[in-house]
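Working notes, beginning with the structure itself.
No value in this document is a laboratory result; all are computed from the given coordinates. These figures come from a predicted structure and were not determined experimentally. Here the Cβ is made from the backbone with ideal geometry for all residues, glycine too, and neighbour counts use every protein chain on show.
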Amino acid sequence: MLRKHIYKAISPALLAGIAITTTSCEEAENEADVPSLHEAFEGLFLIGGTLSDRMILDTSDPGYAIAEKHFNSLSPENCMKWGRMNPEPNVENYELAETFVRYGAANDQALVGHTLFWHSQTPDWVYKDEAGNDLSREALLARMRERATLMAERWGDEIVYWDVVNESIMGDGSWRKSKYQQIIGDDFTEQAFRIASEILPPNAQLLYNDYSMTDAGRRDAVVAMVKDFKAKGLRIDGIGMQGHWLMDFPDTKDIAESIQAFGSTGVKVHITELDLDLLGRASFFGADVDIRAIQVTPENNPYPDGVAPPAEEERFANRYGEIFETLVANADHIERVTFWGITDKTSWLNHFPVRGRTNFALLFDRQYQPKPAFYRVLETAKNRKE
Ligand code: XIL
């Protein structure tokens, strides 16, 4: 319970102080010269970061200084997933999510509820009755209502953006054959939005979130779904493009086309989980968490000491640059751009899809310092339309 209130008591300045004691004085002095990312993008879109469970547990993590200076929105990496909150039917692990919300609210950061309903990181018990049989459609919908009610009661006042459904549409536009879909049917996503719109506060922003949103089949299906919901008078406020992108894929032209396609339905676009996989993946493009882990080898893990050659950092900066140029050019449609993590040190790309390699994904390095990509991204904010 103590941790639950700790962030209310600790001022941002003190938290920054904690961070400064862990870096050298010289770095701390330079730190003051580093412009704030979210301030640079003020008037264009919010800039978000993501807190891992480990960071939420460790109030002395130097990443807090970054989170407070550069991000005016925050997402929880894992602590609000159903499997973390209720790994067993009567186990209630809400402490981390509670701490996350207190921290972000104390810093006036627009908070994201990630995620209400997802096929992954959801325990089997959710779909079963006490005898171990699959629930009926009505019983599963009732269980989903219970979860939405719990989230609304605990965090409805603080959380602005809700990933109501994560990843229910496949690249070819078909519904994912998840357990939800098998039990509820093809209207699982629609029912989830009905539940969210009834139970979450009226000002909650309801999002559909997915990866590889430049795939034509998925893009068209998402556009059709938004139009269908709107025709039925059902609320949907935003589309989340996860943005787990590679160095050479997708093409920025396709990113722009998807943003425009979603935006033209009248909803806001959110880039919800932005990172770039510098090391790349041999055989697939998406962020499908069901993919089996690839073994680490010297070939797929070329910089195990955590330092990439300057030419690679430049390539990385340029790719971030072209992506942000595209985002800035389409800022009318975009409400928020959130990075999936804080620094390279704890990025999930150190474990996905290759387990245990040293990857490079974000704007801050393993020493919590801004990389060339940070400055390249910052420059793009100047290209805003007047
Ligand atoms: C990832 C987390 O980053 C990992 O720590 C976890 O092991 C698996 O999930 N799409 C999503 C995120 O919507 O919730 C996933 O997060 C990454 C892919």
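Worth a mention:
- When the alpha carbon coordinates of the stretch 113-180 are projected onto the principal axes, the ranges are 35, 35, 19 Å, largest first.
- Rounded to the nearest 20, the size of the Cβ-charge dipole of the chain about its Cα centre is 680 debye, with Lys and Arg at +1 and Asp and Glu at -1.
- In this simple spin-label approximation, residue 139 and residue 351 carry label points 7 Å from Cα along the Cα→Cβ vector, and these lie 3.3 nm apart.
- FRET efficiency, residue 248 to residue 150 (Cβ-Cβ, R0 45 Å, nearest 0.05): 0.60
- Between residue 108 and residue 88, the simple spin-label model (points 7 angstrom out along Cα→Cβ) gives 4.4 nm.
- Charge dipole of the stretch 93-178 (Cα centre as origin; +1 on each Lys and Arg Cβ, -1 on each Asp and Glu Cβ, all else neutral): 200 debye, rounded to the nearest 20.
- Acute angle (nearest 10 degrees) that the helix 12-21 long axis makes with the longest principal axis of the chain, alpha-carbon atoms: 50 degrees
- Taking the chain and dividing mean pair separation by its residue count, relative contact order in percent (alpha carbons under 8 Å, at least six apart): 16 percent
- With the convex hull drawn around the C-alpha atoms of the chain, the volume per residue stands at 139 Å³.
- Straight-line cross-link reach from residue 177 at under 16 Å between alpha-carbon atoms covers these aspartates and glutamates, not counting any fewer than eight positions away in the same chain: 124, 134, 167, 186, 187, 190, 210, 288, 290.
- Projected onto its three principal axes, the C-alpha set of the stretch 306-386 covers 44, 25, 19 Å, listed from the longest axis down.
- Semi-axes of the equivalent ellipsoid for the stretch 164-246, computed as √(5λ) from the eigenvalues of its C-alpha gyration tensor and ordered from largest down, come to 20, 15, 12 Å.
- Where labels lie 7 Å past Cα in the beta-carbon direction, separation of residue 385 and residue 129 in nm: 5.6 nm
- Converting phi to 3J(HN,Hα) with the Karplus coefficients 6.51, -1.76 and 1.60 and the offset θ = phi - 60°, the stretch 135-145 yields 5, 6, 3, 4, 5, 5, 4, 5, 5, 5, 4 Hz in sequence order, with x at every glycine or proline.
- Helix 216-231 axis, angle to the chain major axis (alpha carbon atoms, nearest 10°): 60 degrees
- The three principal axes of the Cα atoms in the stretch 135-292 give end-to-end lengths of 43, 32, 30 Å, sorted in falling order.
- Averaging over all projection directions, the Cα-based convex hull of the stretch 344-386 occupies 3.8 nm² in the image plane.
- R0 of 30 Å, Cβ-Cβ distance residue 375-residue 120: FRET efficiency to nearest 0.05: 0.30
- Principal-axis analysis of the Cα atoms of the chain puts helix 95-106 at an angle of about 60° to the longest axis.
- P(r) of the stretch 124-163 over all Cα-Cα pairs, binned every 10 Å from zero, in whole percent: 28, 41, 25, 7
- Highest-first packing order for the peptide set 314-321, 345-352 is 345-352, 314-321, based on the mean count of other beta carbon atoms within 10 Å.
- As a calculated quantity, the FRET efficiency between residue 39 and residue 230 at R0 = 30 Å, using C-beta atoms, amounts to about 0.30.
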